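Dropping a structure here in structure tokens format, bear with me for questions.
Each value in this text was obtained by applying a stated rule to the coordinates, not by laboratory testing. Being a predicted model, the structure only gives us computed values, none of them experimental. Every residue, glycine among them, receives a Cβ derived from its backbone with ideal geometry; neighbour counts consider all protein chains shown.
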Amino acid sequence: MNFENHNLISDEEKKSVLMEILGKLDRLFSEYNITYYLAYGTLLGAVRHQGFIPWDDDIDLLIPRKDFIRLIHFCEEHKEELKKMNLEIVEYGVNKKDYFKRFKIADTRTVMEEFGEERSAVFVDIFPLDCLPDLPTKKLRKMCRKIVLMDNLWSLCNAGVAQGSGLKKKVYAILLLLHKIFGCERMKKYYENKEISMSMVGEDRIFCYAEGAAVNSRFMKVSEWGKTIRIPFENDLFCVPENYDGILTMWYGDYMKLPPEDQRHSHEYYKMYWR
């Protein structure tokens, strides 16, 4: 694709747009009672730098699965309202509507090339936060794998074509045929309800990001996670877990210590432009 007539987005402009998106989402989530937390490097940046990590420029949010699914439906049903706010929901990967593992909410005034097509460029990452029974780690990992499988099957319904290669593609092709026989919309609703039932929040349950927790033993009880509080991030206050110290320690260890200079790099892989 030819971007000769488009202006490149600077690092400062990107951060400004990201803060616009985050501010709009914060107001939207408050209005529709959707719980969210700044997560990963964004949470670390808020606590250690009161804003972006100086050498990074992305924003990650974690949303409990039930609200995560509500948000997907909201974005689908209010496309025109979001469009007026210069926002749209964007899927990950090559599968259309591959939303249940994670998705992006992007600024429609920006553009880049990804997977061979033109997409909105500046975005906030949205990840589901699953809630599982307080069980031994081995059983928790098994439940996480079930959630990941549900995500894959839901995505398969939307994609309408079996992805992958070899035996995996053959199995997915058979499953896709069965989904078409029984009705993809009916099957998606089944997977959605199943994930919600597996992820109901309670004080005696465990928070995790299921896709990562399926291979990683880092889990934390809901009671240890704490309530939502607001702390500064750049020029405003945003939601974080009350026990951010325990969570950041679990994720990063001595998180207040800066990494070596050769490890201070962003995750930017694409050039971004104004439309």
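May I ask you to list the residues in the stretch 30-55 that are surrounded by 18 or more Cβ atoms within 10 Å (Cβ to Cβ) and over 14 Å from VAL240 (Cα atoms)?
PHE52, ILE53
Please go through (1) in contact with a Leu (Cβ under 8 Å, 6 or more places away or on another chain); (2) buried (at least 17 other Cβ atoms within 10 Å of the Cβ) for LYS271 and return the number of the only condition it doesn't satisfy.
(2)
Only residues that are surrounded by 12 or more Cβ atoms within 10 Å (Cβ to Cβ), part of a helix (DSSP H, G or I) and free of Cβ contacts under 8 Å to residues at least 12 places away in the same chain: list them for the stretch 171-192, please.
VAL171, ALA173, LYS180, LYS189, TYR190
So which of LEU25, LEU61 ends up being out of contact with any Ser or Thr (no Cβ under 6 Å at 6 or more places or on another chain) and part of a strand (DSSP E or B)?
Checking each option against the conditions leaves just LEU61.
Return the pairs, sorted by first residue and then second, in which the second residue is charged (D, E, K, R), the first residue lies in the stretch 226-241 and is on the phi > 0 side of the Ramachandran plot, the beta carbons are less than 7 Å apart, and the residues are 6+ apart or on different chains.
Listed by first residue and then by second, the contacts come to GLY226/GLU242.
Based on what the data block shows, is LEU248 in contact (Cβ under 8 Å) with a residue 12 or more places away in the chain, closer than 17 Å to LEU61 by Cα, in contact with a helix residue (DSSP H, G or I) (Cβ under 7 Å, 6 or more places away or on another chain) and outside any strand (DSSP E or B)?
So LEU248 fits the description; yes.
VAL240 passes all but one of (1) loosely packed, with under 13 Cβ neighbours inside 10 Å; (2) part of a strand (DSSP E or B); (3) not acidic (Asp, Glu); which number fails?
Going through (1) loosely packed, with under 13 Cβ neighbours inside 10 Å; (2) part of a strand (DSSP E or B); (3) not acidic (Asp, Glu) one by one, VAL240 breaks only (1).
Looking only at the stretch 28-58, which residues are in contact with a His (Cβ under 9 Å, 6 or more places away or on another chain) and part of a helix (DSSP H, G or I)?
Within the stretch 28-58, GLY41 is the sole residue that qualifies.
Testing GLU81 on (1) part of a helix (DSSP H, G or I); (2) of a type outside the set (Phe, Trp, Tyr); (3) closer than 19 Å to ALA213 by Cα, one condition comes back false. Which one is that?
In the conditions (1) part of a helix (DSSP H, G or I); (2) of a type outside the set (Phe, Trp, Tyr); (3) closer than 19 Å to ALA213 by Cα, GLU81 misses (3) alone.
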